[in-house]
Amino acid sequence: MWARISECFFGVWLILSPWVFGSPSYLHELIVGMLILFFSLLSYGKKLSKMHLFNLFIGVWLFFLGIFEKKDLSYGMQQNYFVVALLLLLFGIIPSWASDHPTLWVEFYEKPPKD
């Protein structure tokens, strides 16, 4: 679940980034950051463990927003969109169970073989 924790940090960073870079608009970053947090935290449930995949769509959105929205963004915010987008795309493909032990390994140590 370390990837979901990292995605939560990316969401918080995106919420705080307008104040760091001095951007006059903060509503878009607030909404997108809250969506990243929402999808990352929802993926902690067993039935909703794949909800973090919606962050891939947000990553693609931020990437293309950084490319095509040049008139209203400073260079810092453009680069911020690119970095957060690429990190979301990289961390989004990591499964939630990536840090768990292999099931055969756990079964072996729970029931050791009889001699």
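Of all residues in the range 71-89, which are surrounded by 13 or more Cβ atoms within 10 Å (Cβ to Cβ) and either without any contact (Cβ under 8 Å) to a residue 40 or more places away in the chain or basic (Lys, Arg) (or both)?
Scanning the range 71-89 gives 78, 79, 81, 82, 83, 85, 86, 89.
What number of residues within the range 90-106 satisfy the criterion of being farther than 24 Å from residue 40 by Cα and part of a loop (DSSP other than H, G, I, E, B)?
0
Mind checking which residues of the range 1-44 are crowded, with 19+ Cβ neighbours inside 10 Å, under 17 Å from residue 95 (Cβ atoms), modelled with pLDDT of 90 or more and not aromatic (Phe, Trp, Tyr)?
7, 40
State yes or no: is residue 109 part of a loop (DSSP other than H, G, I, E, B), without any contact (Cβ under 8 Å) to a residue 60 or more places away in the chain and more than 30 Å from residue 24 (Cβ to Cβ)?
No; evaluated as a whole, the condition is false for this residue.
What residue, among those in the range 56-115 that are among the hydroxyl-bearing types (Ser, Thr, Tyr) and in contact with a Gly (Cβ under 8 Å, 6 or more places away or on another chain), is farthest from residue 19 (Cα to Cα)?
In this case the residue turns out to be 81.
Filter the range 37-55 for residues that are in a helix (DSSP H, G or I) and polar (S, T, N, Q); which is nearest to residue 22 (Cα to Cα)?
Filtering the range 37-55 for residues that are in a helix (DSSP H, G or I) and polar (S, T, N, Q), the one nearest to residue 22 (Cα to Cα) comes out as 55.
Inside the range 60-81, can you point out the residues that are among the hydroxyl-bearing types (Ser, Thr, Tyr) and either assigned to a helix (DSSP H, G or I) or farther than 17 Å from residue 27 by Cα (or both)?
75, 81
Please give the number of the condition residue 47 fails out of (1) crowded, with 17+ Cβ neighbours inside 10 Å; (2) closer than 30 Å to residue 99 by Cβ; (3) not hydroxyl-bearing (Ser, Thr, Tyr).
With (1) crowded, with 17+ Cβ neighbours inside 10 Å; (2) closer than 30 Å to residue 99 by Cβ; (3) not hydroxyl-bearing (Ser, Thr, Tyr) applied to residue 47, the lone miss is (1).
Would you confirm whether any residue within the range 66-73 is of a type in the set (A, V, I, L, M) and modelled with pLDDT of 90 or more?
No, that holds for no residue.
The values are calculated or read from the model by the stated rules, or taken from the named source; none is laboratory data. All values reported here derive from a predicted model rather than from experimental measurement. We place every Cβ from the backbone using ideal geometry, glycine too, and count neighbours over all the protein chains shown.
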